Amino acid sequence: MRRQILLKTLSPSEAASLVAAGHAALVDVREADEFASRHIPGALSLPLSLPDTGPLACGMNSSVIFTCQTGRRTSASSGRLLARVPGGSAWMLEGGVDAWARAGLPIAGREAAIPLPIMRQVQIAAGLLVLAGVMLSIFVAPPWIALAGFVGAGLSFAGITGWCGMAQLLAVMPWNRRPA
């Protein structure tokens with residue numbers, strides 16, 4: 001059974017036009033840390049994890065455009081979000097912050113200048129190292145499986161402590177440095 005989307009979608013360019021004209025407020029429903037790392041300038045942060053406290057107060061705007069990273073969370077919570085805007089119009093930003101950035105519209109936050117967020121880089125690097133360890137253990141020598149074990153232990157340590165050595169290492173790489 002297909003999930004029904006209650007919010008109508010707007011393309012990034014349509015949303016940017018409404019926001020620039022002052023006809024709608026942009027509300028980001030991602031968690032605070034996600035918002036701080038990369039968001040649309042001028043967007044309000046209202047994480048879905050916070051309890052609903054009644055209708056949204058977005059200044060003079062009775063129209064709201066909801067967004068998240070890709071649009072999935074907004075779509076999944078559309079009924080709840082729609083209930084927060086009883087007297088106005090509500091839309092969903094098609095493709096979320098990712099689509100906004102792909103459209104060449106401005107992005108703010110810690111990772112705004114980084115083309116690929118650090119945690120995605122960690123996931124790619126860790127996945128490739130595990131794959132390499134497994135393949136090398138099959139085709140070259142069995143001890144290479146230790147590489148996959150080492151990466152798994154590192155990921156577990158990062159999850160338990162909140163400190164990721166691979167993320168720290170990737171953060172100082174030339175492609176992740178902001179221009180002065």
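No lab work stands behind these numbers, since they all come straight from the coordinates. The structure displayed is predicted, hence computed values, not measured ones. Cβ placement follows ideal geometry from the backbone for every residue including glycine, while neighbour counts extend to all protein chains displayed.
Projecting the Cα positions of T9, L56, W100 onto the charge dipole of segment 8-102 (unit charges on Cβ atoms of Lys, Arg, Asp and Glu, taken about the Cα centre) puts T9 furthest along the positive direction. Remark on segment 118-176: ratio of C-alpha radius of gyration to 2.2 N^0.38 Å is 1.20.
For L131 and L82 in the same chain, what is the full-extension length gain: residue separation times 0.36 nm, less their Cα-Cα distance, in nm? List each step's numbers first, then the result.
Values: separation 49, 0.36 × 49 = 17.64 nm, distance 4.34 nm.
Stretched fully, the L131-L82 segment lengthens by 13.3 nm.
Expressed as a whole number of Å, what is the distance separating the alpha-carbon centroids of segment 130-168 and segment 31-92? When both Cα centres are located, 38 Å separates them. Legend: calculated FRET efficiency, M173 to A141, from the Cβ-Cβ distance at R0 = 41 Å, rounded to 0.05, equals 0.90. Labels on offer are (1) 1.09; (2) 1.03; (3) 0.99, and the one holding Rg/Rh (Cα atoms, Kirkwood Rh) computed from this structure is (1). Between the beta carbons of T9 and M119, assuming R0 = 35 Å, the FRET efficiency works out to 0.85 to the nearest 0.05. When only Cα pairs below 8 angstrom with a gap of at least 6 residues are kept, the chain shows a relative contact order of 21 percent. Rounded, prolate or oblate: pick one for segment 59-153, where a ≥ b ≥ c are the square roots of the eigenvalues of its C-alpha gyration tensor, a/c under 1.5 means rounded, and failing that, prolate if a/b is larger than b/c, else oblate. It comes out prolate by the Cα gyration axes.
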